[in-house]
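Remarks on the structure that follows.
The values are calculated or read from the model by the stated rules, or taken from the named source; none is laboratory data. What you see is a predicted model, and the numbers here were worked out from it, not measured in a lab. Note: ideal-geometry Cβ built from the backbone for every residue, glycine included; neighbour counts use all protein chains shown.
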């Protein structure tokens, strides 16, 4: 790895992402790294490096559990107090470890919401396409290792709409939400659980709408928007 870095500097290449690309396309780079292409975080990604997830049985002495503060723009948890997480462009193993710690406290959580929280905790503001891909890659590693469970709860193929939790976490955890939160930020299985607890007849448009309004009131939400009704109808159709 040191030889690769020294060679890159001599060639005037200092971008880790560019080095990764050259290790695939340039003969000189391929000879030095013996063909395997390193991750763009070449300073820490070594051949044979295995994903080592954090211990999740309880809080660490020198690394307190994540605690979320309120995001003033959305009224939902957005940034983490105590410490920042690695940037999404860091080595996938490091990002995966931080994601597992977040999921420990926030799961079950919709992947899209998890990624938004992660970006804000890392000092960013927007989940762009590259950041999304980096986070999906890291989360997939954690899932492949069996440290998180990814679940498609509405038969969708969009990875951002999957729900993720630890294996030790119940499939459904009903939480209080702020009025500014979007109903789509709540896992479908949780919404379905609330629907069942509220009871009522699920037949007929009028009765369905009354149930949806009761669900929104449960979450301190007021308006039954077109999008909210569409989501609640999807949940009711899939689960009830």
Does residue 150 count as without any contact (Cβ under 8 Å) to a residue 40 or more places away in the chain and within 18 Å of residue 171 (Cα to Cα)? yes
Using beta carbons and a limit of 8 Å, which pairs, at least six apart or on different chains, have the first residue in segment 20-32 and at pLDDT 70 or above and the second one assigned to a helix (DSSP H, G or I) and loosely packed, with under 14 Cβ neighbours inside 10 Å? 30/24; 32/3
Helices (runs of 4 or more DSSP H) within segment 139-240 that include 1 or more residues under 22 Å from the mean Cα position of the chain (by Cα) and surrounded by 14 or more Cβ atoms within 10 Å (Cβ to Cβ): 188-198, 226-239
